[in-house]
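Below is one structure, written out as structure tokens; the observations come after it.
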Amino acid sequence: MGTGTLGLGVGAAVYRWLDQYIVGTRSADGAAAVASVSDSGADRIDLTEHTSLKLVRGVFPPARLESLRSRDDVAFVQPDHTLTRVSTRADGTEQTLPWGVDRIGAGVAHAAGATGAGVDVGVIDHGIAVSHVDLAGNLADPNAESNHESWIDCDGCDLPWGDDLGHGTHVAGTIAAGDGDGGVVGVAPDATLHALKVCGGAGGCRASAIVEAIRYAADQEWDVINLSLGSRQTSPALQVAGEYALEAGVLPVAAAGNYGRPDSVGYPAAYDEFVAVAATDIDDDLAGFSSTGPEVDIAAPGVDVCSTSVDGYATQSGTSMAAPHVTGAAATLLADGDTPADARERLLETAEDLEMDDTNQGAGLVDVAAAHGYESDDGAVERPRCPS
């Protein structure tokens with residue numbers, strides 16, 4: 001990542017991806033000044049409706065960066081680095097209720113009518129497969145232009161926000177695969193899914209695109225967003241985007257990361273604005289790959305999770321797979337009228353203590369049934385076969 005070159009602007013000028021930066025400015029004059037000294041065309045991301053900052057993405061040589069950092073109206077300068085998905089693919093084996101959805105009490109909640117109906121969920125990822133039978137009923141109308149958006153070309157897709165890798169489709173299935181006659185069922189099987197494609201088939205996801213996707217979801221007044229992606233690099237731009245989302249009434253949920261060691265929660269999950277989700281296995285142990293640290297808010301199933309894929313079904317592991325369990329759980333609470341703050345607090349208050357350090361599990365394992373006040377069967381679950 002970051003080793004290729006990209007031609008920007010006019011003439012023979014060629015700039016490395018690593019030369020691209022995001023500059024946070026506190027004034028319109030500052031944004032105009034930053035844009036005017038970019039060696040390429042500059043993109044602006046206005047976050048002033050819910051924050052105090054305007055962001056400018058452009059190409060700046062090192063000497064110019066130092067000059068920008070010295071301005072009083074510049075809040076930060078960061079590389080427009082690449083974030084990646086935090087999952088791994090395994091061989092899929094038939095199931096209706098995935099073990100993770102079962103383990104967090106979602107089946108109990110479904111039976112009581114807590115299904116996320118009327119809630120809009122933004123999936124900031126690789127896109128969503130529009131034709132998957134388990135998702136088609138819950139996918140926002142593909143013919144309405146504002147329902148989905150893409151900031152990167154989809155290779156070989158019928159729609160620009162389609163999924164050319166499968167990661168976003170897998171995440172979407174855990175959140176809201178419909179409760180039909182076959183296939184799999186998600187945590188919030190009546191929620192409405194919106195694809196916000198920021199990642200290409202090769203796996204890279206630009207920070208600036210993620211910021212724009214967060215702003216887009218907030219401006220559309222959707223309810224909750226899922227970010228199953230992350231990076232070890234700090235990103236003030238993503239933090240201010242999280243603030244923007246919260247101020248707009250949108251709850252952002254993010255994967256903690258797959259770095260597998262203490263104090264390794266990635267960004268944006270490490271920021272307070274995001275609900276940081278660690279991963280557990282079917283035995284309620286912390287996944288060996290799961291990042292840990294004081295920033296972890298809650299845990300969810302993330303090992304050998306069966307869900308939808310572009311060409312059927314697949315089993316994948318990662319905190320990427322854990323985060324959508326929490327996003328779906330939040331959707332069921334938001335459908336009941338909870339505010340984002342209330343939904344977050346209730347999920348943390350009712351999480352099941354797995355007797356781990358807080359740095360591993362946060363508040364504990366997410367429990368949808370308990371969050372709604374229902375009794376759930378805590379403990380062992382079976383792993384049905386993943387549909388072929």
Residue among 285, 297 that is charged (D, E, K, R), more than 16 Å from the chain's Cα centre (by Cα) and within 16 Å of residue 352 (Cα to Cα):
285
Out of the residues in the range 242-252 that are assigned to a helix (DSSP H, G or I) and among the small types (Gly, Ala, Ser), which is nearest to residue 83 (Cα to Cα)?
242
Please enumerate the residues belonging to the range 145-159 that are surrounded by fewer than 19 Cβ atoms within 10 Å (Cβ to Cβ) and at pLDDT below 95.
145, 153, 155, 156, 157, 158, 159
Given the structure, is residue 175 among the β-branched types (Val, Ile, Thr) and open to solvent by 50 Å² or more (accessible area, probe 1.4 Å)?
no
Assuming residue 234 fulfils every condition listed in (1) open to solvent by 10 Å² or more (accessible area, probe 1.4 Å); (2) over 17 Å from the mean Cα position of the chain (by Cα); (3) at pLDDT 95 or above; (4) farther than 17 Å from residue 366 by Cβ apart from one, which condition is it?
(2)
Kindly state which strands (runs of 3 or more DSSP E) lie completely within the range 55-135 and contain at least 3 residues that are modelled with pLDDT under 90 and within 25 Å of the chain's Cα centre (by Cα).
82-85, 88-90
Of the criteria (1) outside any strand (DSSP E or B); (2) surrounded by 24 or more Cβ atoms within 10 Å (Cβ to Cβ), which one residue 239 fails
(2)
Scan the range 201-229 for residues that are outside any helix (DSSP H, G or I) and open to solvent by 10 Å² or more (accessible area, probe 1.4 Å) and report the count.
8
Heads up, the strands (runs of 3 or more DSSP E) in the range 285-388 (entirely inside) with at least 2 residues that are open to solvent by 10 Å² or more (accessible area, probe 1.4 Å) are 312-317
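The values are calculated or read from the model by the stated rules, or taken from the named source; none is laboratory data. Because the structure is predicted, anything quoted here is derived from the model rather than measured. So basically every Cβ, Gly included, is an ideal-geometry build from the backbone, and we count neighbours across all protein chains shown. When the accessible area is computed, the model is the full protein with side chains, heavy atoms only, and any ligands, DNA or RNA have been set aside. Shrake-Rupley method; radii C 1.70, N 1.55, O 1.52, S 1.80 Å.
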